[in-house]
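Asks: The structure is given below, and queries will be raised subsequently.
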Amino acid sequence: MQQLSEATALRDTDACASLLMESAPPVIWFMRHRMRSHRRGLSLVQFQALLFISRQPETCLSSVAEHLGASLPNASRLVGGLVAKQLVTRAERAGNRRRMSLQVTSAGHVILEAALQAAHAEMAAQIAGWSANDRTVVADAMAIIARTFGTFTAGGRNAASASGRRPSHDAPEPLTL
């Protein structure tokens with residue numbers, strides 16, 4: 001038989017999880033929508049790949065494919081298009097000529113930075129009407145969320161748990177859209 005405090009904690013934990021699951025999608029939708037409108041002629045998938053590559057220095061094609069949920073041939077064609085547009089470069093990895101390292105070019109960073117700045121400005125405009133107390137509460141909550149979920153990889157695995165490390169208390173990489 002559970003003690004009352006344990007039952008209350010479970011209910012509160014479940015309620016909190018439900019609130020997170022209900023609240024996150026509209027915020028993610030808002031960010032995605034704002035960034036999509038500034039992707040400068042790139043398809044959504046190309047933009048998502050560019051953003052992922054920028055956040056994963058020297059990533060490889062298989063990581064891009066996993067992140068996008070695409071096959072290796074599809075990811076290869078997509079990255080080839082980004083290379084042709086001079087937004088991404090490929091380079092051989094030291095010690096493994098068959099595995100290519102991907103990096104975003106300065107032109108690719110210009111596109112990403114413009115989209116991120118525009119989305120940030122529109123997010124700030126939405127938040128501007130909040131009270132100082134509401135902004136503080138949300139900032140504190142987001143710090144807790146970042147500590148808890150910031151170590152998850154693109155494939156959904158918790159990198160810290162897999163390696164036996166505790167989750168980092170540093171801010172995670174921003175959300176890949």
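Each value in this text was obtained by applying a stated rule to the coordinates, not by laboratory testing. For clarity, every value in this text was computed on a predicted model and none was experimentally measured. FYI the Cβ positions are ideal-geometry reconstructions off the backbone, even for glycines, and counts take in every protein chain you see.
Asks: List the residues whose amide H sits under 5 Å from the amide H of residue 101, counting only those 5 or more places along or on another chain, with H placed 1.01 Å from N in the peptide plane.
Replies: Amide H to amide H, under 5 Å and 5 or more residues apart or across chains, residue 101 pairs with 91, 92, 93.
Asks: Moving on to the next point. Please order 102, 50, 20 by the number of other Cβ within 10 Å, starting at the fewest.
Replies: Working: 102 24, 50 27, 20 13.
The most exposed by this proxy come first: 20, 102, 50.
Asks: Ratio of the range 111-151's C-alpha Rg to 2.2 N^0.38 Å, to two decimals? Could you put the intermediate results ahead of the total?
Replies: Values: Rg = 12.7 Å, N = 41, 2.2 N^0.38 = 9.0 Å.
For the range 111-151, the normalised Cα radius of gyration comes out at 1.41.
Asks: Could I ask something else about it? Step through the residues of the range 101-116 one at a time and calculate ³J(HN,Hα) from phi using the Karplus curve (6.51 cos²θ - 1.76 cosθ + 1.60, θ = phi - 60°), rounding each to whole Hz and writing x for Gly and Pro.
Replies: Once rounded to whole Hz, the list reads 9, 10, 9, 7, 7, 4, 5, x, 5, 4, 4, 4, 4, 4, 5, 5.
Asks: Taking K and R as +1 and D and E as -1, what net charge do the other residues with C-beta under 14 Å from the C-beta of residue 108 add up to?
Replies: Local charge sum for residue 108: +4.
Asks: From the phi angles alone, apply the Karplus equation (6.51, -1.76, 1.60; θ = phi - 60°) to the range 27-38 and give each ³J(HN,Hα) in whole Hz, x where the residue is Gly or Pro.
Replies: Along the range 27-38, the couplings run 5, 4, 4, 4, 5, 4, 4, 5, 6, 4, 6, 10 Hz.
Asks: Could you please rank 142, 123, 31, placing first whichever residue has the fewest other Cβ atoms within 10 Å of its Cβ? The partial results should precede the final answer.
Replies: Working: 142 11, 123 14, 31 18.
Least to most surrounded, the residues fall as 142, 123, 31.
Asks: I'd like the Karplus ³J(HN,Hα) series for the range 13-18: coefficients 6.51, -1.76, 1.60, θ = phi - 60°, whole numbers in Hz, and an x wherever there's a Gly or Pro.
Replies: 5, 5, 5, 5, 4, 4
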